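*Asks:* Below is the structure I would like to discuss, written out as structure tokens.
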Amino acid sequence: MDYRDIVSSCYCGDGSIKLKKAESLAEEYGTGILQHADIIAQLRIVKDAVMSLDAHMTAMEMGKTCSQCAAKPDGGCCSAYMGNENNDALQLLMNILAGVTVKQVCNNDVECCFLGERGCILLFKPIFCLNYLCPHIQKESTTQALQDLEQKTATLLGAQSDLEQQLIRFLQK
Ligand code: SF4
Ligand code: SF4
């Protein structure tokens, strides 16, 4: 694929268009991508970074804070805007490659289409979804916990971005 084709087809359109693109990329290139040793290694690094961040968020009891926030009429941060605008086909492709069954699980036009009953179904989330330093979390957390949260998030974003670049290079061949 030409670089311009990748950019114009993977980063544009609503959530369902990007998901269709991710599915077609997985079908056409998935087997080849999963035979690429560097990409497999990077997938492992990103998964480890996700698990490290998740463990820290659990220790901070963020689930409790987010549940209380999301239960309010105007609470929560998983809006439909996020699902449509902030996902891209390559990031959805990463999830498919990692074994996640990516599908639209919410169609109420208010919340993100990837918000399931138990939270986000994606293992690898869009960059904007990894900004957890909202006022509620800041109020409930220690400075050290917030610093660790930011550091672990930055590690994950860096690893995810490296994986995205590897996928783009692979698709350009
Ligand atoms: S991250 Fe912040 S805004 Fe989003 S659900 Fe949790 S507490 Fe609410
Ligand atoms: S965290 Fe998941 S469910 Fe929430 S907006 Fe982001 S992609 Fe959607």
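The values are calculated or read from the model by the stated rules, or taken from the named source; none is laboratory data. Note that the structure is a prediction, hence the values are computed from the model and not measured. Cβ coordinates were reconstructed from backbone atoms using ideal geometry, including for glycine residues, and neighbour counts include every protein chain displayed.
*Asks:* Select from segment 138-160 the residues that are buried (at least 19 other Cβ atoms within 10 Å of the Cβ) and within 14 Å of ligand 1 (Cβ to nearest atom) and write down the one among them that is farthest from the chain's Cα centre (by Cα). Please lay out each step first, then the result.
*Replies:* Here is the first cut: in segment 138-160, the ones buried (at least 19 other Cβ atoms within 10 Å of the Cβ) are 141, 149, 152-153, 156, 159-160.
From what's left, within 14 Å of ligand 1 (Cβ to nearest atom): 141, 149, 153.
Working: S141: 23, L149: 16, T153: 12 Å.
Taking the candidates together, the pick is S141.
Yes or no, residue by residue, for (1) within 30 Å of A37 (Cα to Cα); (2) modelled with pLDDT of 95 or more:
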residue: H136; (1), (2): no, no
residue: E140; (1), (2): no, no
residue: A145; (1), (2): no, yes
residue: T155; (1), (2): yes, yes
residue: Q166; (1), (2): yes, yes
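*Asks:* Scan segment 48-77 residue by residue and report those that are assigned to a helix (DSSP H, G or I), out of contact with any Gly (no Cβ under 9 Å at 6 or more places or on another chain), surrounded by 16 or more Cβ atoms within 10 Å (Cβ to Cβ) and not polar (S, T, N, Q).
*Replies:* Those that are assigned to a helix (DSSP H, G or I), out of contact with any Gly (no Cβ under 9 Å at 6 or more places or on another chain), surrounded by 16 or more Cβ atoms within 10 Å (Cβ to Cβ) and not polar (S, T, N, Q): V50, L53, H56, M62.
*Asks:* Among what's in segment 67-93 and is out of contact with any Cys (no Cβ under 8 Å at 6 or more places or on another chain) and closer than 19 Å to T153 by Cα, pick the residue that is nearest to ligand 1 (Cβ to nearest atom).
*Replies:* Among residues in segment 67-93 that are out of contact with any Cys (no Cβ under 8 Å at 6 or more places or on another chain) and closer than 19 Å to T153 by Cα, the one nearest to ligand 1 (Cβ to nearest atom) is N87.
*Asks:* Can you name the residue in segment 138-156 that is small (G, A, S) and assigned to a helix (DSSP H, G or I) and, of all such residues, is nearest to S52 (Cα to Cα)?
*Replies:* Filtering first and then ranking leaves A154.
*Asks:* Follow-up. Tell me which residues, restricted to segment 28-40, are free of Cβ contacts under 8 Å to residues at least 12 places away in the same chain and either under 16 Å from N95 (Cβ atoms) or in a helix (DSSP H, G or I) (or both).
*Replies:* Selection gives E28, T31, A37, I40.
*Asks:* If I filter segment 13-27 for residues that are loosely packed, with under 12 Cβ neighbours inside 10 Å and assigned to a helix (DSSP H, G or I), do I get at least one hit?
*Replies:* Start the filter on segment 13-27 by keeping residues that are loosely packed, with under 12 Cβ neighbours inside 10 Å, which leaves 27.
Next, only the ones that are assigned to a helix (DSSP H, G or I) stay: 27.
For segment 13-27, residues loosely packed, with under 12 Cβ neighbours inside 10 Å and assigned to a helix (DSSP H, G or I): present.
*Asks:* Any residue that is part of a loop (DSSP other than H, G, I, E, B) and under 30 Å from D2 (Cβ atoms) - is there at least one of those in segment 78-87?
*Replies:* yes
*Asks:* A further question on this structure: In segment 124-137, which residues are under 12 Å from the mean Cα position of the chain (by Cα) and part of a helix (DSSP H, G or I)?
*Replies:* Listed by number, the residues that qualify are I127, F128, C129, L130.
*Asks:* Separate question: Search segment 90-109 for residues being more than 11 Å from the chain's Cα centre (by Cα) and in a helix (DSSP H, G or I), and hand back the single one that is nearest to ligand 2 (Cβ to nearest atom).
*Replies:* I96
*Asks:* Any residue in segment 113-123 that is of a type in the set (A, V, I, L, M), within 14 Å of ligand 2 (Cβ to nearest atom), modelled with pLDDT under 90 and not in a loop (DSSP other than H, G, I, E, B)? Break it down into steps so the answer makes sense when it comes.
*Replies:* Residues of segment 113-123 that are of a type in the set (A, V, I, L, M), as a first pass: 115, 121-123.
Okay, now just the ones that are also within 14 Å of ligand 2 (Cβ to nearest atom), so 115, 121-123.
Imposing the further condition that a residue be modelled with pLDDT under 90 reduces the set to none.
Checked against the condition, which is being of a type in the set (A, V, I, L, M), within 14 Å of ligand 2 (Cβ to nearest atom), modelled with pLDDT under 90 and not in a loop (DSSP other than H, G, I, E, B), segment 113-123 yields no hits at all.
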